[in-house]
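Reading through the structure tokens given below for one structure.
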């Protein structure tokens, strides 16, 4: 199968493209830089430029590109960049796909569990409505921009991804040095839920969705979300170091990193992957302990 991937150089994009190529699939990476190989195509997502002819023969598309959420302070200008990168990039891609002589059969388009807002301790699945807040609005606009791909008969899946656990990158990669010197601590109340998934399980779920008879929203999370306090204990145990008994106050986090602390850290989502479970899709790392052991192996 020939599969086009945006955001192929990111944490999960890199893992996905490697997995696909190892299985014999042809991967076409969309890049904003000048292509350096035959497996790349240049596009300008913010400028609305993508030649449909460059996608000829593509049978499936995985769209992951967008400005990073947790690696910048949330100034007003950066929040606009986060939103517009997803709206414009997705619209650019969908416009090109709809203009193809033979559009691909499926579009897997990114989204996130931030769609649900703060669920507190309430368990939510794909049937839950959109929540409130900046991240919920971003995810809603992101998903809306992907839906017009259905006009060409494409099956469209919006992947509401939780925190992806990997040793070198993402949230886990950022906090491991802190935990390894014994300074890991719960954040805020510690009772907010974290919906997570191991990197191998994310890749496995995406590959399953490329061919499964499923469309619409799908939660890419592990079956067992955990509280921030439980996550802290699990990471400390995985690196064989104690964790700090006193949590980091929410006000300190808000002062240090701004808006991302309030919505990305102190707000929780207790999300379950109901549609993947109903479809019988297995998880290699269903518990946080198994996921961390694999990431740190």
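Evaluate the following for residue 12: is it more than 19 Å from residue 138 (Cα to Cα), in contact (Cβ under 8 Å) with a residue 40 or more places away in the chain and touching a helix residue (DSSP H, G or I) at 6+ places or on another chain (Cβ under 7 Å)? Yes: the conditions hold for residue 12.
Go through the residues of segment 176-184 one by one and say whether even a single one is surrounded by 18 or more Cβ atoms within 10 Å (Cβ to Cβ) and under 28 Å from residue 1 (Cβ atoms). No: segment 176-184 contains no residue that is surrounded by 18 or more Cβ atoms within 10 Å (Cβ to Cβ) and under 28 Å from residue 1 (Cβ atoms).
Check whether at least one residue in segment 257-268 is free of Cβ contacts under 8 Å to residues at least 60 places away in the same chain, at negative phi, surrounded by fewer than 18 Cβ atoms within 10 Å (Cβ to Cβ) and touching a helix residue (DSSP H, G or I) at 6+ places or on another chain (Cβ under 8 Å), and report yes or no. Taking every residue of segment 257-268 in turn, none turns out to be free of Cβ contacts under 8 Å to residues at least 60 places away in the same chain, at negative phi, surrounded by fewer than 18 Cβ atoms within 10 Å (Cβ to Cβ) and touching a helix residue (DSSP H, G or I) at 6+ places or on another chain (Cβ under 8 Å). Just one of the listed residues (30, 16) is part of a helix (DSSP H, G or I) and surrounded by 13 or more Cβ atoms within 10 Å (Cβ to Cβ), and it is 16. Of the numbered criteria (1) within 16 Å of residue 92 (Cβ to Cβ); (2) exposed (fewer than 15 other Cβ atoms within 10 Å of the Cβ); (3) touching a strand residue (DSSP E or B) at 6+ places or on another chain (Cβ under 8 Å), the one residue 21 fails is (1).
Output the number of residues of segment 174-183 satisfying the condition of being touching a helix residue (DSSP H, G or I) at 6+ places or on another chain (Cβ under 8 Å) and under 18 Å from residue 70 (Cα atoms). Going through segment 174-183 one residue at a time, the tally reaches 2.
Do we find that residue 37 is touching a strand residue (DSSP E or B) at 6+ places or on another chain (Cβ under 9 Å), at negative phi and either assigned to a helix (DSSP H, G or I) or loosely packed, with under 13 Cβ neighbours inside 10 Å (or both) in this structure? Considered against the rule, which asks whether it is touching a strand residue (DSSP E or B) at 6+ places or on another chain (Cβ under 9 Å), at negative phi and either assigned to a helix (DSSP H, G or I) or loosely packed, with under 13 Cβ neighbours inside 10 Å (or both), residue 37 comes out as yes. Exactly one residue out of 12, 3 is in contact with a strand residue (DSSP E or B) (Cβ under 6 Å, 6 or more places away or on another chain) and more than 23 Å from residue 102 (Cβ to Cβ), and it is 12. Of the residues 207, 160, which is under 18 Å from the mean Cα position of the chain (by Cα), closer than 26 Å to residue 120 by Cβ and surrounded by 18 or more Cβ atoms within 10 Å (Cβ to Cβ)? From the options 207, 160, the qualifying one is 160. Within segment 125-137, the set of residues being in contact with a strand residue (DSSP E or B) (Cβ under 8 Å, 6 or more places away or on another chain) and either loosely packed, with under 15 Cβ neighbours inside 10 Å or not in a loop (DSSP other than H, G, I, E, B) (or both) comprises just one member, 135.
Just so you know, all these numbers are worked out from the coordinates, no wet-lab data involved. Please read all numbers here as calculations on a predicted model, not as lab measurements. Here Cβ is always computed from backbone atoms with ideal geometry, including for glycine, and neighbour counts include all displayed protein chains.
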